[in-house]
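First comes the structure, then the notes that go with it.
The values are calculated or read from the model by the stated rules, or taken from the named source; none is laboratory data. As the structure is a computational prediction, the values presented were derived from the model and not from experiment. Here Cβ is always computed from backbone atoms with ideal geometry, including for glycine, and neighbour counts include all displayed protein chains. Areas reflect the complete protein model, heavy atoms only, side chains present, ligands, DNA and RNA absent. Shrake-Rupley method; radii C 1.70, N 1.55, O 1.52, S 1.80 Å.
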Amino acid sequence: MNDTAQTVTLDGAGWSTIGILGLVLILLVTNRVRLDLIGIFILLALGLSGIVEEKELFSGFGSEAVIVIAAMLAIGEALVQSGVTDRLSSRIAKHSGTSEMRLVLLMMLVAGLASTFISDLAVVSILLPVMLGFEERLGIRPARLLLPVAVASMLGGLISMVGSSSNIVANQVLKEFGHEGLSLFAIAPVGLTLLAAGMLFVWLFGRFFLPSGARESRVKAKALGVREYLSELHIPAGSTWAGRTLRDVSFFRDNGLNVARVLRDGEPVLYPKASTKLRTDDVLLVQAGQEELLKLRSTSDYSVHPQVQKSLEETDLALAGEAIVRQGSQFIGRTLRELVFRQLYDVTVLALWRDGKTITQRIADLPLRTGDMLLLQGPPENMRDLQEEEGLLMVSETPHRPKTRSQGWVAVVILLLALLTAGLGLMPMSVAGMIAVGLLVVTRILSMNQVYRAIDWQILVFVAAMIPLGTAMRETGVIALVSQQIVDVFGSYGPLAVLAASFWLAALTTQILSNTATALLLSPVVIGAATQLGVDPTPFVVAVIAAVSASPITYVSHKVFLVIMAPGGYCYMDYVKIGLPMTLLFFALTMLVVPWLWPM
């Protein structure tokens, strides 16, 4: 241990940096502000305060971390579009037989290996329809499959240094502090060990920790807890609505009403469109919250049938499907009203599932986020059209249909060439990745529009802004101060104690912040602590990397968990029951493997 460390004091710039960091943490925890807007705030605060020089302020946008993240997201999308993951999962499904546990373990293996180079969210999104189909064909409940596969996809990201954005940014921080970065597969022993341990845990204890699936496992109105009601409105003679389309009658939008059916001459117009023209004596079956319906009073334009109000759960209203907003979707940050969703697709959104909660009121004015699940009603042919919409993932038994399946081998070869050239040190991963993206576009596996959509621009802007904030924290002494506190508390017990503290600090922080934000914030801190101890900081950074991907304690710890929550019918405690013991197991293995690979 280094006994020459001196007490760190902060000047005005240091306290200003802490103030900026504090505001950033508040914005991240509340989860009410987009990541890219938080990044812009960081840049403005650092620039206006003069803490960071102008030439350093925007340096993050040209950093290797930002370029590698963008390239790997695009390459991952190419593997998805070319059907590589589809083909692998389909073959495994054919050879799994009817054994539930065998199928779970095989799907975990597929998800883990695929996540080595593909975003875990993308992997789960592609496998989700396949796994939901097992319920009908094999009688295996989604609740028994989705959570283990989601955990495996997170652990698979630890097999390579480009497996997740948190790995990439942590490696970037390590280089910025003057240390040699981790090679492409340097952490593979850690990732493979944790993936194997996770599969073994599910095999031995999954029957005790995984939910039985007795709860309704698919996203229907009851599963979502949609407290919506239906009532009938009759259009009398002389109504100004007669002869107008649903799109033209603003009354429905202004009062938060969805027109679910139009009854005409005793026969229902099954799926009314925005262009459906109303007629005298039409009866409209409208959907809304109970309070909204009770406020309705008959006017010259409509009359209310007072005894028809009943719960949506009690009706035979057909629910056509569910759709998840994909990472990088053009829908993110925009409302259904701005997207003219109903007019464009002739599909009605009945409810929205977000962060474990159902939203049914004023959803047309709610900006969409990654992982939002939309409960949809509409004609089957419109559902098929939505399957072709790249910004949405349709959650149904219909599997993903790649557009360039015949070029799957080309995408794999391009990926392998990029990894080989980077792994042999012939060129940086950023250069190899961008060349690979260029080749994917030239071979028409991806279009430029698909490349742009595949990239999560919010994360890129946030990462680019956090890099100069990290510079400010280092130069003003903030990192040294926090590192000193960690060493003062745990340093007397030796480097292993600080390593354990690094893991748990990251594991707990990632329950409230994103994995990338946690890695960006804590990597400089643990490097500073290791420096004060006089030991190699690499194992401490690896502990942070492992912790942010191997601590599945709560459903908010990762976007993947939010995506599977509704289809699997999971509740909060389902994650804790299996996630907490798994995190303890992953911690123990990290403490064994990391010091063995990087002696302290």
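At-a-glance table
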| read-out | value |
| --- | --- |
| Output for the range 263-291, where each listed residue is in contact with a strand residue (DSSP E or B) (Cβ under 6 Å, 6 or more places away or on another chain), at pLDDT below 75 and either of a type in the set (A, V, I, L, M) or assigned to a strand (DSSP E or B) (or both) | Pro268, Val269, Gln287 |
| Selection count, the range 548-595, where residues are at pLDDT 90 or above and on the phi > 0 side of the Ramachandran plot | 0 |
| Subset of the range 113-124 [within 24 Å of Leu521 (Cβ to Cβ) and either assigned to a helix (DSSP H, G or I) or of a type in the set (Asp, Glu) (or both)] | Asp120, Leu121 |
| Within the range 32-73, tally of residues that are under 19 Å from the mean Cα position of the chain (by Cα), part of a loop (DSSP other than H, G, I, E, B) and in contact (Cβ under 8 Å) with a residue 12 or more places away in the chain | 1 |
| Selected residue [more than 30 Å from Tyr570 (Cα to Cα), modelled with pLDDT of 70 or more and surrounded by fewer than 17 Cβ atoms within 10 Å (Cβ to Cβ)] from Val340, Val308 | Val340 |
| Filtered residue count, the range 316-332, keeping only those that are surrounded by fewer than 16 Cβ atoms within 10 Å (Cβ to Cβ) and either at pLDDT 75 or above or closer than 18 Å to Met383 by Cα (or both) | 1 |
| Single condition Val151 does not satisfy, out of (1) at pLDDT 80 or above; (2) over 18 Å from Ile545 (Cβ atoms) | (2) |
| Every residue from the range 125-178 that is more than 22 Å from Ser115 (Cα to Cα), free of Cβ contacts under 8 Å to residues at least 60 places away in the same chain and either part of a loop (DSSP other than H, G, I, E, B) or aliphatic (A, V, I, L, M) (or both) | Leu138, Gly139, Ile140, Gly178 |
| Residue match in the range 560-572 (condition: in a helix (DSSP H, G or I) and either without any contact (Cβ under 8 Å) to a residue 60 or more places away in the chain or of a type in the set (Lys, Arg) (or both)) | no |
| Meets criteria (farther than 23 Å from Phe331 by Cβ, among the aliphatic types (A, V, I, L, M), at pLDDT 85 or above and out of contact with any Ser or Thr (no Cβ under 6 Å at 6 or more places or on another chain)) for Leu424 | no |
| The range 586-600 residues that are closer than 17 Å to Val498 by Cβ and in contact (Cβ under 8 Å) with a residue 24 or more places away in the chain, paired with ones that are outside any helix (DSSP H, G or I) and open to solvent by less than 40 Å² (accessible area, probe 1.4 Å) (beta carbon under 6 Å, 6 or more apart) | Met600/Val535 |
| Members of the range 403-460 that are β-branched (Val, Ile, Thr) and in a loop (DSSP other than H, G, I, E, B) | Thr404, Thr443, Ile445, Ile455 |
| Residue match in the range 113-126 (condition: more than 22 Å from the chain's Cα centre (by Cα), modelled with pLDDT under 80 and small (Gly, Ala, Ser)) | no |
| Among (1) at pLDDT 85 or above; (2) within 27 Å of the chain's Cα centre (by Cα); (3) over 26 Å from Ala186 (Cα atoms) - the single one Ala436 does not satisfy | (3) |
| Residue list for the range 567-600, restricted to those being of a type in the set (Gly, Ala, Ser) and open to solvent by less than 10 Å² (accessible area, probe 1.4 Å) | Gly568, Gly579 |
| Unique match (being within 29 Å of the chain's Cα centre (by Cα), open to solvent by 50 Å² or more (accessible area, probe 1.4 Å) and at pLDDT 75 or above) among Ser183, Ser212 | Ser183 |
| From Leu505, Leu520, residue being assigned to a helix (DSSP H, G or I), touching a Phe, Trp or Tyr at 6+ places or on another chain (Cβ under 9 Å) and either more than 17 Å from Val173 (Cα to Cα) or open to solvent by 10 Å² or more (accessible area, probe 1.4 Å) (or both) | Leu520 |
